[in-house]
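Student: My structure is below; once you've seen it, I'll send some questions.
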Amino acid sequence: DISVHEGVFPAVGASHPYNAPVTPGANPTDCHATMGCQQTGYGIMYGPTGAYEDQDYKEYGGSSGFKFMMGNTNFEARNFFNSYEVDICFCLDTCWEDTNWFKSGTMRLSPTRLLSSATATSNLPAQWSLEFVNQPGVIGIYRSYDDEYTMGLEANGMLIKIVEDPTGAASTIDASDNKCWKSGYDSQLIIGPSDAGAASFNYPGTTTSPETKRIMFNGGFVARTITVQKAGRIAVCYCGRVDDSGQCVGAGDLSVNWKMLAQINIKGPKMLPQQRWTFSTMVNFRFSYIGYGLTSYDKLRIIDFSGRCTDDNFNPNRAAYEYTFIRTGCLANCQAVTLNDGDNPGDLTTRVRTAACSDFDPNHGSCVRNDIVSAIVVSNTETELVFQLPHGFQDGDEITLGENFYCHPDDTVCRDETVSAL
């Protein structure tokens with residue numbers, strides 16, 4: 001037996017004849033209490049189609065079914081590391097006696113984990129998982145051989161829908177699911193599965209031999225990619241039950257099967273509204289910009305208006321002085337920008353203001369570090385962080401925590417997924 005943390009099993013039972021017409025008098029409830037059920041009415045019955053066996057089957061879970069509570073965050077609930085098998089135990093009567101319980105089946109709980117590439121040998125950025133704004137990528141789910149027959153992870157036909165998710169990790173699990181079924185497809189956000197037809201016919205989830213552990217949302221064509229046109233948080237929504245016409249099954253209620261698969265932070269500068277700067281000629285200047293997922297390894301290149309950032313295989317060659325009249329390294333060592341094959345192609349270093357490193361010198365060299373010295377869990381929703389120096393945070397700021405955080409050995413609730421969710 002495998003114990004699932006905080007598993008919730010609504011204990012509501014009812015039974016129905018296996019193949020008899022469902023009428024108010026044909027399926028009496030056999031459970032006189034939550035833990036007391038007995039099978040009745042077995043025998044030969046006669047109906048409009050002749051004689052049949054009155055074989056009962058029992059339903060547990062009511063109209064809402066079962067829900068496994070794997071944690072408090074979307075990552076813990078959906079993207080956990082390993083599948084679980086849970087034994088289904090049944091007792092017919094006198095359930096206070098251990099010998100009356102027996103195993104009647106197994107339920108498998110499978111994660112939905114994003115893949116990093118379209119194939120195991122992909123070496124082109126367009127075949128890697130979505131990461132950057134305006135750069136083509138792919139969406140795929142890892143499925144182990146043991147999960148092949150898990151409902152929602154079958155071989156073909158699953159749908160995805162990508163929507164903006166500005167609240168990101170702050171959303172509750174239920175709120176994320178609601179966002180998925182209430183939001184429509186957005187052609188201003190996505191190039192690829194930008195409407196229901198494209199998602200169904202061109203981007204259904206597909207497995208291709210021999211890599212059947214990969215469910216790729218490309219209709220079986222590796223060259224078919226997805227592009228996100230705005231930087232920021234997105235939610236990848238998923239429907240694992242599709243009808244013959246390629247639409248998400250819901251019997252009129254889209255909230256039944258549209259669920260959030262994962263959240264992704266699409267990296268890049270904020271595109272809308274466009275960021276603009278104005279400077280005078282012959283004046284030394286510096287400027288800042290805002291975006292999502294930015295790092296101190298990012299670079300900027302200012303090019304002439306006659307060029308495009310996608311020129312020369314995404315390596316535009318119109319930043320040189322003869323196009324832009326820009327010098328870099330000022331004040332100490334001004335040098336004219338050269339063509340790409342020169343000594344100064346004009347790549348501007350950037351630095352992200354963070355609690356770990358702030359107050360850079362004018363040339364973005366040295367900075368002041370401000371490390372976390374302790375982390376104290378105050379409650380299920382609050383953690384107190386103590387910094388070496390004043391942190392300068394404002395209400396609404398968000399941070400991510402990296403290395404050196406572990407579950408306490410005596411903590412029975414914390415899991416590896418809990419730490420990863422930081």
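Student: By how many nm would the segment from His391 to Gln335 grow when fully extended, if each residue of separation counts as 0.36 nm and the alpha-carbon distance is taken off? Write out the running numbers ahead of the final one.
Tutor: Values: separation 56, 0.36 × 56 = 20.16 nm, distance 3.65 nm.
Gain on extension, His391 to Gln335, equals 16.5 nm.
Student: Could you tell me the calculated FRET efficiency between Phe90 and Ser374, based on Cβ-Cβ distance and R0 = 35 angstrom, to the nearest 0.05? Working shown, then result.
Tutor: Details: r = 49 Å, r/R0 = 1.40.
In this case the efficiency is close to 0.10.
Student: Oh, and also: Quick one: of Lys161/Lys213; Lys103/Lys161; Lys67/Lys267; Lys182/Lys267, which pairs are farther than 27 Å apart, Cα to Cα? Provide the component values of the computation, followed by the final result.
Tutor: Numbers: Lys161/Lys213 21 Å; Lys103/Lys161 39 Å; Lys67/Lys267 33 Å; Lys182/Lys267 25 Å.
Violating the 27 Å limit, Cα to Cα: Lys103/Lys161; Lys67/Lys267.
Student: What ranking, highest mean first, results for peptides 336-347, 372-383 when packing means the other Cβ atoms within 10 Å averaged over each residue? List each step's numbers first, then the result.
Tutor: Working: 336-347: 15.3, 372-383: 9.9.
Order by mean packing, descending: 336-347, 372-383.
Student: Something else: Rolling a 1.4 angstrom probe over the protein heavy atoms, how many square angstrom per residue are accessible across the range 87-192? It would help to have the intermediate numbers written out before the result.
Tutor: Details: 5710 Å² over 106 residues.
Normalised by residue count, the accessible surface of the range 87-192 is 54 Å².
Student: Report the FRET efficiency, 1/(1 + (r/R0)^6), for Glu59 and Glu97, where r is their Cβ-Cβ distance and R0 is 22 Å, rounded to 0.05.
Tutor: 0.35
Student: Note down, for the range 218-343, the three equivalent ellipsoid semi-axes (square root of 5 times each alpha carbon gyration tensor eigenvalue), biggest first, whole angstrom.
Tutor: Numbers: eigenvalues 403, 61, 29 Å².
Equivalent ellipsoid semi-axes, largest first: 45, 17, 12 Å.
Student: How would the range 139-234 be classified by its alpha-carbon gyration tensor: rounded, prolate or oblate, with rounded meaning a/c under 1.5 and the a/b versus b/c comparison settling the rest? Before the final figure, lay out the partial values.
Tutor: Numbers: a/c = 2.08, a/b = 1.37, b/c = 1.51.
Oblate shape, in that a/c is at least 1.5 and b/c is the bigger or equal ratio.
Student: Sticking with this one: How high is the FRET efficiency from Thr310 to Glu403, r the C-beta distance, R0 51 Å, rounded to 0.05?
Tutor: Working: r = 36 Å, r/R0 = 0.70.
Given R0 = 51 Å and the Cβ-Cβ separation, E is 0.90.
Student: Of all accessible surface on the range 152-283 at a 1.4 Å probe, what whole percent is carbon and sulfur?
Tutor: Details: 3490 of 6550 Å².
C and S fraction of accessible area: 53 percent.
Student: Can you list which of the GluC sites (Glu not before Pro) found in the range 115-211 are DSSP loop residues with at most 15 other C-beta atoms within 10 Å? Mind showing how you got there, number by number?
Tutor: Values: sites: Glu131, Glu148, Glu154, Glu164, Glu211; in loops: Glu131, Glu148, Glu154.
Sites meeting the loop and neighbour criteria: Glu148.
Student: With a point put 7 Å past each Cα toward its Cβ, work out how far Ile302 is from Asn134 in nm, to one decimal.
Tutor: Distance between the two pseudo-spin positions: 1.8 nm.
Student: Shifting gears a bit: Want the number for Asp359 to Asp195: 0.36 nm per residue separation, take away the alpha-carbon distance, what's left? Before the final figure, lay out each step's value.
Tutor: Numbers: separation 164, 0.36 × 164 = 59.04 nm, distance 4.56 nm.
Here the answer is 54.5 nm.
Student: While we're on this one: Taking the Cα centroid of the range 77-131 and of the range 215-247, what is the distance between the two, rounded to the nearest whole Å?
Tutor: 22
Student: Okay, next question. Just by accessible area at a 1.4 angstrom probe, what is the order of Tyr406, Tyr142 from largest to smallest?
Tutor: Numbers: Tyr406 180, Tyr142 95 Å².
Largest accessible area first, the list is Tyr406, Tyr142.
Student: Would you work out what percent of the accessible area of the range 300-378, with all protein chains in place, is carbon or sulfur (probe 1.4 Å)?
Tutor: Values: 2750 of 5400 Å².
Roughly 51 percent of what the probe reaches on the range 300-378 is carbon or sulfur.
Student: Run the simple label-point estimate for Ala120 and Asp410 please: 7 Å along Cα→C-beta, distance reported in nm.
Tutor: 4.5
Student: Let a ≥ b ≥ c be the square roots of the eigenvalues of the Cα gyration tensor of the range 278-411; is it rounded (a/c under 1.5), or, if not, prolate (a/b larger than b/c) or oblate?
Tutor: Numbers: a/c = 3.05, a/b = 2.36, b/c = 1.29.
In terms of gyration-tensor shape, prolate.
Student: Loop only by DSSP, 14 or fewer other Cβ within 10 Å of the Cβ. Give me the GluC sites (Glu not before Pro) in the range 69-102 that pass, ordered by residue number. Please list the in-between numbers first.
Tutor: Values: sites: Glu76, Glu85, Glu97; in loops: Glu97.
Sparse-neighbourhood loop GluC sites (Glu not before Pro): Glu97.
Student: Using only the Cα atoms, what convex hull volume per residue in Å³ does the range 160-205 have?
Tutor: Details: hull volume 3.6 nm³, N = 46.
Expressed per residue, the convex hull around the Cα atoms of the range 160-205 is 79 Å³.
Student: With label points built 7 Å along Cα→Cβ from the Cα atoms of Thr295 and Arg276, find their separation and express it in nm.
Tutor: A separation of 3.3 nm, rounded to one decimal place.
Student: For the range 283-326, build the charge dipole from Cβ charges (+1 Lys, Arg; -1 Asp, Glu) around the Cα centre, then report which of Asn315, Tyr292, Ile303 sits farthest towards its positive end.
Tutor: Farthest along the dipole direction, towards plus: Tyr292.
The values are calculated or read from the model by the stated rules, or taken from the named source; none is laboratory data. Computed from a predicted model, the values in this text were never measured in an experiment. So basically every Cβ, Gly included, is an ideal-geometry build from the backbone, and we count neighbours across all protein chains shown. Accessible surface areas use protein heavy atoms only, side chains included; no ligands, DNA or RNA. Shrake-Rupley method; radii C 1.70, N 1.55, O 1.52, S 1.80 Å.
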